[in-house]
Structure formats: C-alpha cells, structure tokens
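For reference, the structure is listed below as structure tokens.
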Amino acid sequence: MSDFVQRPGALEHTHCTAEQYRRLYQNSLADPDRFWLDQAGRLDWFVAPRTGGNWSYDPVEIKWFEDGTTNLCHNAVDRHLNARGDQPAIIFEPDDPASPSRTLSYAQLFVEVIQMANALKAIGVRRGDRVTIYMPNIVEGVTAMLACARIGAIHSVVFGGFSPEALAGRLTDCDSRFIVTADQAVRGTKPVPLKANVDAALEREGVNVESVLVIRHTGADITMAEGRDHWFHAVASDDDVPCEPMAAEDPLFILYTSGSTGKPKGVLHTTGGYGVWAATTFHYIFDYRQGETYWCTADIGWVTGHSYIVYGPLMNGATSLVFEGVPNHPDFGRFWDVVDKHQVNILYTAPTAIRALMREGDQFVTSRSRASLRLLGSVGEPINPEAWRWYYEVVGESRCPIIDTWWQTETGGCMITTLPGAHDMKPGSAGLPMFGVRPELVDAEGGVLEGEAEGNLCITASWPGQARSVYGDHERFVQTYFSTYPGKYFTGDGCRRDSDGYYWITGRVDDVINVSGHRMGTAEVESALVLHDKVAEAAVVGYPHDIKGQGIYCYVTLNAGEDGSEALEAELRQHVRREIGPIATPDRIQFTDGLPKTRSGKIMRRILRKVAEDDYGSLGDTSTLADPSLVERLIAGRRDS
Ligand code: WT7
C-alpha cells in the first residue's frame with residue numbers, strides 16, 4: 001500500500017524477520033504458556049517456573065510464572081559480571097555538557113548497587129517496605145531502584161518535577177516510610193530543590209516517613225533533620241548484600257499514574273512477569289546488539305524509564321545512557337551532541353521533544369554527525385506524520401527504521417509496534433501487536449469490530465507485563481480497567497485498524513489528557529484549581545497544542561464578588577504548579593459565569609472540548625443544557641481570551 005515506508009537496511013537485522021514475527025506471534029497466541037515459559041528463559045531464576053499464565057478477567061486475578069523465584073537486580077547486574085563485567089552498563093551524561101560524563105561497567109554498577117543496598121538497610125528498609133525514590137535522572141536513581149529490587153523492597157519512583165503536595169499524596173497512599181532523594185536536581189541549569197520539597201511534603205498530614213536517604217548531587221545547602229535524614233555517603237558500605245529470592249508475584253514497584261478521577265492510582269507491577277516482559281520486548285523491539293549504545297531520553301520517574309532505561313536494557317546486558325538534562329540546553333542541538341559524544345546507536349524519545357526540535361530548524365541537527373544512529377524510537381503519544389517524517393528524514397537520514405511503540409504504565413512494556421527488521425512502517429501508526437497481545441476494537445456498547453474499523457482499544461488476554469492491581473485498592477483496579485467492557489482490559493485509548501492490520505492510536509477517550517507525553521487527569525487539575533479560595537468551580541479539557549500534543553484548557557467560575565483578571569490568571573497558574581508541579585501548568589484559563597451542564601447537573605465536556613478546540617461547527621446537541629445561552633457566552637469568551 002502506498003502509505004508504507006519501507007524499512008531501510010532490513011536485511012541487516014537479525015533479531016526477527018517478518019517470517020519469524022508471523023511464526024512467533026502465532027505461537028504466542030496458540031500456546032501462550034509454552035511461549036512465555038520459553039521467553040522466561042531470558043532470565044535467571046532461583047527456581048524456574050513451570051506455570052505460565054494463571055489469570056482471569058472476571059473476577060480479576062492475574063498471575064504469571066507463580067511457582068518461579070527470581071530477583072531482577074540479579075538479572076540486571078550480577079548475572080552479567082562473568083561474561084561482561086568490564087563492559088559499560090551505564091553512561092551518565094550530566095545536565096551541564098562541561099561537566100564530565102561517567103561510564104560505569106557492570107562491575108562498577110554492581111559495586112554502586114551494593115553500596116545503595118547497604119545504605120537502604122542502614123536506614124531501616126526491609127523486604128516488602130515501600131521506598132519512595134524522588135530523584136534527578138542520575139545514576140543513583142537507577143541504583144536506588146535496583147537496590148530496592150535486590151533486597152525485596154518495593155520502589156515507588158515519584159518524578160522529580162512533582163510538587164511537595166503531589167509527593168505527599170504518593171507517600172501516604174502506599175504508606176511509604178522511606179525516601180531516597182538528592183540535595184537538588186538541575187535541569188537546563190535550573191535547580192529543583194528536591195530535598196526542600198521532601199521537607200515540605202513531610203509536614204503534610206498523614207505522611208509517616210521514618211528515614212530519608214540523601215544523595216549529595218549539586219552540593220547545595222540543605223537542612224538535615226537529626227535522626228531522620230541520612231547522607232548516603234555516611235551510611236553506605238561495601239558489605240555483601242545477597243539478592244533476595246522473590247516469588248514471581250511478589251511486588252516489584254508501584255508507579256502512580258493519572259486516571260479519570262482526581263487521585264492518582266498506584267499501578268502495581270510484580271517481579272517475574274514484568275521482568276520477562278521488559279526483557280523480551282527490549283530484545284525484539286530495540287534489536288539491540290552487544291557493544292551498541294542505547295539511549296532512552298525518558299526520566300526514571302515514568303514507566304518508560306523503568307522498563308527501557310533500567311530493567312529492559314540492563315537485563316539484556318546492554319549499555320544504557322542516562323541523561324540528566326533537557327533537549328534545549330545549552331542549545332537545541334544537545335541531543336545530537338550527546339549522540340555524537342557517546343556514539344549512540346539506538347535512540348528512544350517522545351513526539352513532544354521531536355516537535356520542539358523540529359520547530360528550531362534542521363541546522364541544529366545537520367551540523368552534527370549522527371552517523372552512529374541505527375534505530376529511532378518514539379513513545380508517549382501519537383506522533384503526527386509531519387514530525388515522523390522529520391525524525392525519519394532529517395534525524396535518521398532515511399536510513400534508520402522508526403519504531404512507534406504504543407503502551408502504558410499499566411502494560412509494563414511495549415504492546416503495539418513494528419519490529420525494525422520485520423515490518424515496513426506507516427508514519428503515524430504504531431503498527432502491529434507484540435507477541436501475546438490480542439488487541440480488540442469495540443464500539444461504545446461493547447460490540448466487537450472486525451477488520452478495518454475504529455473504536456475503543458481493549459486487550460482480551462493477559463500478558464506477563466500486565467499490572468496486577470492498584471496498590472491497596474484492587475476494586476479500583478477492577479472498576480477502572482475491567483468494568484467498561486466486562487472480561488476485557490480497556491486501555492482508555494481510541495484506535496483505528498487499517499486494511500493491513502496496522503493500529504493507529506487516536507488518543508484518550510476518557511478524561512485523561514496527554515501533555516508533552518505526560519499523562520494527566522483533567523480531574524486532578526480541577527481539584528487543584530478549586531482549592532484556590534477565589535475559585536468556585538473548574539472544568540479542564542485538552543486542546544490541540546503544536547508542541548505539547550495537548551495543552552491544558554481550564555474553564556473557571558469564580559466566587560461571588562471575584563473578578564477574572566490577568567493577575568488572577570497568573571496566580572491560578574502558579575497555584576496549580578504549586579499543587580501538582582510544573583507539568584500541570586494551565587496553558588489557557590477562561591473565566592466564565594457558568595459551566596455547561598445538563599439539567600441533572602452533569603458537565604457537558606464535549607461542548608467544552610469543542611470550544612477549546614475553536615471548533616464551533618460541530619457542537620452537537622445543546623438543547624439538553626440547563627442554560628443553552630451559555631454556549632454563546634463561552635464562545636465569545638474563547639474569542640476574547
Ligand atoms: C498513554 C499511556 C508508554 C509509556 C509512556 C506513557 C499514550 C503512549 C503512544 C504511542 C500513541 C501513545 C496513550 C496511552 N501513548 N504511547 N506510541 N502512540 N499514543 O505512559 O503515562 O501510562 O500513558 O500514552 O494514550 O494510553 P503513560
């Protein structure tokens with residue numbers, strides 16, 4: 001078909017050809033247990049599993065490899081010591097290009113993980129404890145995760161851009177009594193006061209933290225609370241710390257993610273299935289070859305960092321680059337400087353970064369060599385064909401295949417993508433299902449759509465990397481993902497399948513928006529807004545944004561006697577940043593005297609979305625509104641703003 005872009009250099013790829021994909025995919029559906037028990041052989045196990053999947057979507061109970069015992073830190077670090085102890089495991093590139101980068105061999109990574117494990121034990125962490133990691137994107141963030149895995153503690157990484165308030169919520173939700181943090185983070189020369197944020201979070205009610213482990217990173221002046229706060233370098237030691245044997249279904253980590261309600265959910269992943277999924281998908285999708293350098297530009301605060309900076313690459317014995325900085329510091333050529341400096345072969349980044357760089361013109365790219373690049377990846381949101389073409393033609397000079405990987409925090413790893421040596425690509429389409437993935441498109445009533453169709457994307461059979469629960473609230477897990485279409489996992493995404501069987505994600509169909517690849521519940525921003533004492537009511541929707549993909553559009557009604565001014569707008573923006581973090585900063589705030597509601601009081605978000613999109617031709621039926629005249633005022637307000 002004409003919309004295909006042929007995979008370049010296809011014959012060089014060895015990990016999976018088109019024929020192998022067909023066979024493996026077929027096998028994975030025909031006999032999933034056998035297929036996944038085979039793949040489980042990618043990991044070392046203390047006790048090898050004999051059981052594959054044991055799951056049900058009604059009632060919801062998901063287990064994989066339940067009779068197996070393993071440890072993912074062993075798989076990511078220790079097991080490589082004999083064969084590739086001297087090979088680079090991690091290359092660290094700091095925010096400031098003038099500061100030295102660091103390369104850690106697997107043997108050195110082992111030493112640093114052991115030191116971190118000792119430090120965790122010294123501050124009182126034991127198997128099963130939740131450890132909150134609130135860190136810059138630096139080596140110690142990675143070793144903190146691995147050290148938790150090593151001693152059987154459950155990590156909960158909270159992105160360093162979140163506010164004290166957001167951090168406090170995530171600490172209380174999983175009753176985390178331990179924090180690993182740094183004095184400061186720095187991104188594009190801008191300091192982020194991590195330790196001060198921790199101090200503020202610990203003032204909040206319900207937070208019950210015993211010990212804080214602090215890594216000295218920038219050397220900034222911070223306060224240490226006697227007895228509670230411990231410098232890493234003061235408590236770390238080199239004593240032997242063996243890997244705890246973990247049952248496959250023992251929790252590995254919690255990662256908070258936004259949904260349709262105001263409160264983020266603690267998505268829970270367990271050890272064996274997640275490990276096998278991360279290892280297998282990394283192997284096939286990134287087509288990694290020994291000796292290559294792989295760079296995922298994500299932050300360890302997101303699931304992309306968990307699966308494809310830390311666990312996937314390291315379990316495969318790869319060299320994974322960890323980047324502390326941002327794409328535009330010191331200039332918009334930084335990505336390509338890093339690529340040249342470290343001879344990066346595989347690059348995995350997000351459409352929002354691609355669009356931001358594209359806007360600055362080709363010269364930032366073409367002035368750098370990029371000759372080392374072999375494969376390019378995209379993740380986090382739909383990539384528009386224009387950005388795809390630029391990534392393909394300008395960055396990759398039409399010689400690097402692009403993988404557009406669709407997945408979610410809840411899926412543990414990539415679910416839909418083309419494989420670089422197997423499939424031709426289509427700009428804007430994620431492509432085909434990974435092994436064991438059974439996508440299904442359904443209509444609003446749950447009717448299954450066959451062939452070429454557009455509908456809501458469900459997955460009808462479990463896969464090893466699937467989240468097992470929402471931490472502490474299994475009922476919420478069931479409600480959120482398995483109640484809309486009983487017996488199926490509902491992704492929350494809309495999707496089209498074309499006549500070649502390629503999947504095109506069209507975006508969220510729930511009240512979740514995707515801002516610069518960051519998932520945000522509109523309800524979260526609303527809750528933050530109404531906490532302001534001048535705000536009566538707020539409704540938040542997404543609208544198309546050139547760089548961010550979606551921007552945050554807020555409709556705000558004020559308390560009687562308050563007037564919407566530019567000053568108040570700025571104040572509300574600040575207020576949301578303080579409550580959630582800079583990633584939730586509203587792009588537009590429109591003051592309104594009311595929100596469009598049905599007579600039963602339900603906000604008609606459809607209308608708010610259309611107005612925010614500047615699309616008034618298709619407002620649909622507004623006759624059920626309690627106050628139909630409000631629509632005109634909303635439109636007038638949009639035009640003025
Ligand atoms: C949501 C999940 C996947 C790890 C990072 C985000 C959107 C993700 C793609 C893609 C179109 C994508 C979906 C999904 N999304 N990747 N390649 N094409 N949309 O994880 O924060 O859990 O967000 O991101 O809407 O549901 P997340």
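Spatial offset of the range 375-397 relative to the range 37-102 amounts to 29 Å, using the alpha carbon center of each. In the chain, helical runs assigned H by DSSP with n ≥ 4 each contribute -39500 (n - 2.57); averaged across all residues and rounded to the nearest 500, the mean residue ellipticity at 222 nm is -8000 deg cm²/dmol. Across the range 562-630, the mean sequence separation of Cα contacts (distance under 8 Å, 6 or more residues apart), normalised by length, yields a relative contact order of 25 percent. Under the criterion of Cα pairs below 8 Å and six or more residues apart, the relative contact order for the range 296-359 equals 30 percent.
When the range 470-541 is described by a simple charge dipole with +1 on each Lys and Arg Cβ and -1 on each Asp and Glu Cβ, the residue from Thr491, Phe477, Gly521 located farthest towards its positive end is Thr491. Compared with the alpha-carbon gap, the fully stretched path from Glu203 to Arg50 is longer by 50.3 nm at 0.36 nm per residue.
Could you work out the relative contact order of the chain, using alpha carbon pairs under 8 angstrom and six or more residues apart, expressed as a whole percent? Could the numbers behind the result be given before it?
Values: 1432 pairs, mean separation 86.4, N = 641.
Once divided by the residue count of the chain, the mean separation gives 13 percent.
Just list whichever of Lys263/Lys548; Lys190/Lys610; Lys263/Lys426; Lys426/Lys548; Lys63/Lys195; Lys426/Lys602 have alpha carbons separated by over 31 Å in the model shown.
The pairs that break the limit, which is 31 Å between Cα atoms, are Lys190/Lys610; Lys263/Lys426; Lys63/Lys195; Lys426/Lys602.
Taking the number of Cβ atoms within 10 Å of each Cβ as an exposure proxy, the fewest-first ranking of Trp45, Trp406, Trp388, Trp231 is Trp231, Trp45, Trp388, Trp406. Return the whole-Å distance between the Cα centroid of the range 459-487 and the Cα centroid of the range 559-615. When both Cα centres are located, 32 Å separates them.
Using the crude model of +1 on Lys and Arg Cβ and -1 on Asp and Glu Cβ, and no other charge, please compute the dipole size for the range 141-294 relative to its Cα centre, in debye to 20. So the magnitude is around 540 debye. Simple rule: put +1 on each Lys or Arg Cβ and -1 on each Asp or Glu Cβ in the range 156-314, find the dipole, and look at Leu268, Thr281, Val157; the Cα lying farthest toward the positive end is Thr281.
Would you mind ranking Phe323, Phe490 so that the residue whose beta carbon has the fewest other beta carbons within 10 Å leads the list? Numbers along the way, then the final one.
Numbers: Phe323 24, Phe490 21.
Starting with the residue having the fewest Cβ neighbours, the order is Phe490, Phe323.
With Cα atoms defining each centre, the range 288-362 and the range 212-282 are spaced 22 Å apart in the structure.
Quick check on the exposure proxy: order Val276, Val576, Val5 from fewest to most C-beta atoms within 10 angstrom. Could the numbers behind the result be given before it?
Numbers: Val276 30, Val576 27, Val5 17.
The most exposed by this proxy come first: Val5, Val576, Val276.
About the Cα centre of the chain, how large is the charge dipole given +1 on each Lys and Arg Cβ and -1 on each Asp and Glu Cβ? Please answer in debye to the nearest 20. Each step should come with its number before you reach the end.
Values: 60 positive and 85 negative charges, 113 e Å.
So the dipole magnitude of the chain works out to roughly 540 debye.
Taking amide hydrogens as placed 1.01 Å from N in the peptide plane, the amide H of Gly551 sits under 5 Å from those of Tyr543, His545, each at least 5 positions away in sequence or on another chain. Diffusion coefficient of the chain by Stokes-Einstein, Kirkwood radius over Cα pairs, 20 °C, 1.002 mPa s: 85 µm²/s. Measuring from a point 7 Å past the Cα of Thr218 along Cα-to-C-beta, which residues in the range 310-336 have an amide N at less than 16 Å? Answer for the range 310-336: 324-326, 329-330.
We did not get these values from a lab; they are worked out from the coordinates using the rules stated. The structure presented is a predicted model; accordingly, all values stated were derived computationally and were not measured. Here the Cβ is made from the backbone with ideal geometry for all residues, glycine too, and neighbour counts use every protein chain on show.
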